[in-house]
Amino acid sequence: MKKGILAVLLICVAFLLAGCSCKHEQTELTGAVEATCVQEGYTGDTVCLECKETVKKGEAIPMLEHTAGEPQEVKQATCTENGYTGDVYCTVCGEKLSSGEEIPALGHLPGERYHVVEPTCTQVGYTGEVDCERCYQTLEEDEEIPALGHTLGEPSGVVEASCLQQGYTGDRECSVCGEIVEGETVAKLEHSYENGACTVCGWREPGLYQGDERLMTWDELVDNGYVVADQEGGRRLKYIADSLYGTLVVAEGVQQVGDSDPLCPGGESKLERIDLPSTVTTIRADAFKDCPALKEVRFFGPVSDIDNGAFQNCVSLETFEIPQGLEYIPDYMLSGCTSLKRIVIPGWVKVVGMCAFDGCASLEEAELNEGIEEIEGFAFGGTALHELAYPSTVTAVGDMCGPYSNPLPNLTSVDFSKVSMPVFKTSFSGCPNLKTVIFPKDMEETRSYIFGNCYSVEELVLPEGLKTLDSMFYTHEQEQSHLKRVVWPASLLDGSALGDCPELEQILYRGSELQWGLTLSKDLFEGVDVVFDYQD
């Protein structure tokens with residue numbers, strides 16, 4: 001069928017061509033339309049310019065696709081606001097091709113917390129701030145954290161207030177930061193007087209007493225010139241008349257006693273007792289020097305400063321208590337106090353000065369307590385002490401006697417066994433009856449001839465660790481060492497310094513017999529009984 005139709009058309013065209021004389025040599029294209037994204041195009045018809053006959057019909061051109069442009073009205077989402085993907089339009093015709101979509105707000109992105117400060121016991125802290133990493137908005141404000149406050153332990157140094165002294169609530173240490181929080185001073189209590197004397201502490205109203213009877217008030221003593229106290233409020237006592245007798249109770253408010261000269265300048269004072277109030281902190285040099293009748297000094301409070309010779313040559317002084325607060329016993333403080341029999345040096349004293357008790361001929365007992373660090377030369381020269389034992393806190397000891405002090409005729413025993421003193425320099429010269437000396441536990445060396453003129457020494461205890469030993473005894477034709485017994489450490493390889501001790505009977509050797517055989521000086525002691533492996 002299709003073939004038949006096509007044949008007919010060809011026959012018609014042939015007839016037309018045979019009937020037209022125009023050869024359509026000049027033609028033009030008409031009616032052409034460009035295809036766009038909104039309409040179809042047309043290739044145009046071919047028309048003969050001579051006969052105007054359409055030589056060839058054009059063809060439709062399909063409509064073009066839209067050309068999508070970049071999205072418009074795009075909005076980026078933020079932490080707090082929604083975004084939008086944007087609408088898309090054709091760049092040719094402007095037609096809206098698609099609508100955008102809403103983008104949900106992102107929400108904040110918290111960053112690291114900064115400016116954080118931890119609170120301490122005494123300083124406030126801060127929580128720090130948190131900002132958004134995208135928009136930098138502050139999400140959490142900085143807030144102050146209160147200081148924690150100290151975590152305090154038990155108070156130390158507590159002092160109960162009394163009528164003699166102020167109190168103190170005590171210092172407390174924080175267990176967290178270690179800071180010491182100081183306590184507070186508590187006011188001194190009032191005296192409770194009854195018949196002129198305090199029923200609590202025994203303090204009496206200031207003045208001059210004979211027994212329990214007050215002969216003169218303090219004001220009367222001052223007004224009549226028996227005592228002189230100057231500076232504002234009478235804070236410095238500088239004169240006491242020799243004619244006064246009995247007991248002098250010094251007025252409260254006096255802070256300094258003496259002015260570098262004797263208070264009783266005539267040296268004939270008849271006072272037997274001095275009561276010093278709690279306000280006294282300083283006693284100047286020679287203040288009570290040469291007070292022949294003075295038997296007792298009573299301190300009603302701590303005294304921090306006493307100068308040289310303050311009680312020198314008080315020949316009737318029988319008892320003396322070192323006042324609290326006194327860390328340094330000065331030179332010659334009680335020298336020449338020939339009636340003093342016993343002294344206790346408490347642990348708050350750090351240093352005992354030179355010749356502090358020199359010439360106290362009746363002093364038979366001295367108690368040295370833990371806390372004392374140094375005892376200077378000749379401190380006990382000329383006393384009647386029989387023995388001395390030094391506490392472990394002592395680190396330095398001066399010579400026992402010397403050219404500026406009296407000998408120690410009764411001293412028989414000295415014990416340094418608790419003391420740590422690697423280099424021992426103390427001389428025992430002037431101790432004619434000394435028999436036993438126990439040296440410091442870690443002594444490594446001594447000075448030479450420390451027992452000059454001490455020929456009565458019978459026993460020496462030498463410490464383990466001692467490696468060298470210098471000559472200890474002088475040798476005279478008329479006198480020789482009477483040393484009989486030695487505790488000998490295994491560390492001492494050469495004991496030839498003891499070879500000139502003809503009366504030596506026994507060596508208590510801390511080592512074995514084999515070790516003794518290796519000592520360099522064993523042949524010097526062939527006739528001596530050697531006890532091996534000795535232990536205390």
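Which number comes out as Rg/Rh for the chain once both Rg and the Kirkwood Rh are worked out on C-alpha atoms? That ratio is 1.68, to two decimals.
Determine the calculated [θ] at 222 nm for the chain from helices alone, applying -39500 (n - 2.57) to every DSSP H run no shorter than 4 residues and normalising by the residue count; nearest 500 deg cm²/dmol. Intermediate values should be presented prior to the final figure.
Details: 3 runs with 28 residues, N = 536.
Value at 222 nm, helices only, nearest 500: -1500 deg cm²/dmol.
Placing one equal scatterer on every Cα of the stretch 458-514 and applying the Debye formula, the log10 ratio I(q)/I(0) at q = 0.12 Å⁻¹ is -0.28. In this structure, the pairs whose alpha-carbon distance is over 31 Å, taken from 289/418; 289/441; 57/96; 188/350; 238/295; 435/467, are 289/418; 289/441; 57/96.
Distance from the C-alpha centroid of the stretch 43-114 to that of the stretch 469-524: 120 Å, rounded to the whole angstrom. Could you please state, rounded to a whole Å, how far the C-alpha centre of the stretch 288-331 is from the C-alpha centre of the stretch 149-180? First find each Cα centre; the distance between them is then 31 Å. For the stretch 188-268, just say rounded, prolate or oblate: build the C-alpha gyration tensor, square-root its eigenvalues into a ≥ b ≥ c, call rounded for a/c under 1.5, and beyond that prolate if a/b exceeds b/c, oblate if not. Since a/c reaches 1.5 but b/c is at least a/b, the shape of the stretch 188-268 is classed as oblate. By a 1.4 Å probe calculation restricted to protein chains, residue 523 has an accessible surface near 110 Å², given to the nearest 10. Using every pair of separate Cα atoms, the Kirkwood estimate puts the hydrodynamic radius of the stretch 260-397 at 14.7 angstrom.
If one computes P(r) from the Cα atoms of the stretch 419-532, what percent of pairs lie at distances over 25 Å? Kindly include the intermediate steps, with their values, before the conclusion.
Details: 980 of 6441 pairs.
Result: 15 percent of Cα pairs exceed 25 Å.
The orientation-averaged shadow of the Cα convex hull for the stretch 484-536, equal to a quarter of the hull surface, comes to 3.2 nm².
Short version: what are the Cα gyration tensor semi-axes of the stretch 347-466, square root of 5 times each eigenvalue, largest first, in whole Å?
Numbers: eigenvalues 77, 63, 31 Å².
With the √(5λ) rule applied to the stretch 347-466, the semi-axes are 20, 18, 12 Å.
The Cβ shell under 13 Å around residue 447 holds other residues with a net charge of -3, Lys and Arg each +1, Asp and Glu each -1.
Of the peptides 26-36, 168-178, the order by per-residue mean of other Cβ atoms within 10 Å, starting with the highest, comes out as 168-178, 26-36.
For the chain, the relative contact order comes to 4 percent (Cα pairs under 8 Å, sequence separation of at least 6).
Here's how it looks for residue 365: its modeled amide H is under 5 Å from those of 343, which are all 5 or more places away or on a different chain.
The values are calculated or read from the model by the stated rules, or taken from the named source; none is laboratory data. Note that the coordinates shown come from a computational prediction; the quantities given were computed from them, not determined experimentally. Glycine gets a Cβ as well: all are built from the backbone with ideal geometry, and neighbour counts include every protein chain shown. Calculation scope for accessible area: heavy atoms of the full protein, side chains included, ligands and nucleic acids excluded. Shrake-Rupley method; radii C 1.70, N 1.55, O 1.52, S 1.80 Å.
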